[in-house]
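Notes for the one structure printed next.
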Amino acid sequence: MHPAYSVIIFTTASGAGYGLLFWLSLAHAFGALPGGRWVAFATIVLALALITVGLLASTLHLGHPERAVGAFSQWRSSWLSREGMAAVLTYMPAGLLALLWLLRVESGLTPLLGLLAAAGAAVTVYCTGMIYGSLRTIRQWHMGLVPVIYLALSAATGALLLSAILAVASEPTVWALWLSLISLAVAGALKLSYWKRIDDDGPQYTAEQATGLGHLGKVRPLDPPHTRPNFVMREMGYQVARKHAERLRMMAAAALFFAPALLVVLAIFTGMQGLLLIPALGAAGVGVFVERWLFFAEAEHLSQLYYANA
């Protein structure tokens, strides 16, 4: 599949934003959030800003962005529509929580709002993962591991972002550092497992099945279906060389998992959170961008069976 940068920005920015919102909301709900309300308010504003930037970037991938509202009516059958509904519903408790923090209103309602915002963030990210995980036409996506990885990466980048914010605000907490380390380890293990699985699994369908001519023997095209490149070939026939994919996997794993984890460990034992977490966050940002680019570039659509590319 052709990696669309608007979708890559959408999934990385909104994923980090929802992860940040999830951990921030849970920390507040359970009374583990340090510092005053201004730190909490600034953090939730950043989370909502990342979410909004990501959602706006996703509209750039639509041929008619003005018709995006119509997608909300298909929530019974479309994961894209469910994602949109969940995103809108998540804004409500998160926005109200931010408003109460801004106005310095003491209320027993805020822990409940935190739990609702955390639940909404998790549901939205799961729906995003299922947009791809539900597509049977792409074997690298059609597996239960895909939405789980979306959740794990969102949790890891969100935890790392929260740790960095607290460190910069001179409110470092050990639990946030350990949360970042554990989240990175879980996400890394899941991603390595995913790469191994898509390498080990063979094609689910063949040209013989696609054409229905398998009873005649081996099927091969005599001529290409089109004499010139078309939309299907451009968007669904993108291919990345195996050697390049391996290098990019190593780069993504090193930048997204190993380097941040090492810096977090150093921050735990040296106490230099502010100095170490910023480069960890920068490395993770580069790593998740490469990982998401590969997620699309390595995907093989069944339509390419007709072009002898799959």
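The values are calculated or read from the model by the stated rules, or taken from the named source; none is laboratory data. This structure is a prediction, so every number in the text was calculated from the model and none was measured. As a convention, Cβ positions derive from the backbone with ideal geometry for all residues, glycine included, and neighbour counts pool all protein chains shown. Heavy atoms of the whole protein, side chains included, go into the accessibility calculation; ligands, DNA and RNA do not. Shrake-Rupley method; radii C 1.70, N 1.55, O 1.52, S 1.80 Å.
Summary table below
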read-out: Unique residue being touching a Leu at 6+ places or on another chain (Cβ under 6 Å) and within 23 Å of residue 13 (Cβ to Cβ) when the list is 84, 129, 120, 133; value: 120
read-out: The range 72-103: number of residues that are out of contact with any helix residue (DSSP H, G or I) (no Cβ under 6 Å at 6 or more places or on another chain), in contact (Cβ under 8 Å) with a residue 40 or more places away in the chain and over 17 Å from residue 54 (Cβ atoms); value: 0
read-out: Where residue 96 falls short, out of the listed (1) in a helix (DSSP H, G or I); (2) more than 29 Å from residue 180 (Cβ to Cβ); (3) open to solvent by 60 Å² or more (accessible area, probe 1.4 Å); value: (2)
read-out: Residues within the range 156-178 that are in contact with a Phe, Trp or Tyr (Cβ under 7 Å, 6 or more places away or on another chain) and closer than 16 Å to residue 257 by Cβ, tallied; value: 2
read-out: Matching residues in the range 37-53 - criterion: being open to solvent by 20 Å² or more (accessible area, probe 1.4 Å) and of a type in the set (Gly, Ala, Ser); value: 42, 49
read-out: Residue that is modelled with the lowest pLDDT, among those in the range 158-211 that are surrounded by fewer than 17 Cβ atoms within 10 Å (Cβ to Cβ), assigned to a helix (DSSP H, G or I) and of a type in the set (Ser, Thr, Tyr); value: 211
read-out: Selected residue (criterion: most open to solvent (accessible area, probe 1.4 Å)) from residues of the range 124-144 that are more than 19 Å from residue 17 (Cα to Cα) and either at pLDDT 95 or above or β-branched (Val, Ile, Thr) (or both); value: 137
read-out: Test: residue 302 is among the aliphatic types (A, V, I, L, M), touching a residue at least 40 places away in the same chain (Cβ under 8 Å) and crowded, with 16+ Cβ neighbours inside 10 Å; value: yes
read-out: Residues of the range 257-273 classified as open to solvent by less than 40 Å² (accessible area, probe 1.4 Å), small (Gly, Ala, Ser) and more than 19 Å from residue 193 (Cβ to Cβ), total; value: 2
read-out: Residue satisfying all of: in the range 212-270; in a loop (DSSP other than H, G, I, E, B) and of a type in the set (A, V, I, L, M); modelled with the lowest pLDDT among these; value: 241
read-out: Residue check for residue 58: farther than 14 Å from residue 101 by Cα, in contact (Cβ under 8 Å) with a residue 24 or more places away in the chain and open to solvent by less than 20 Å² (accessible area, probe 1.4 Å); value: no
read-out: Filter result (small (Gly, Ala, Ser) and surrounded by 23 or more Cβ atoms within 10 Å (Cβ to Cβ)) within the range 2-36; value: 13, 14, 15, 16, 17, 19, 25
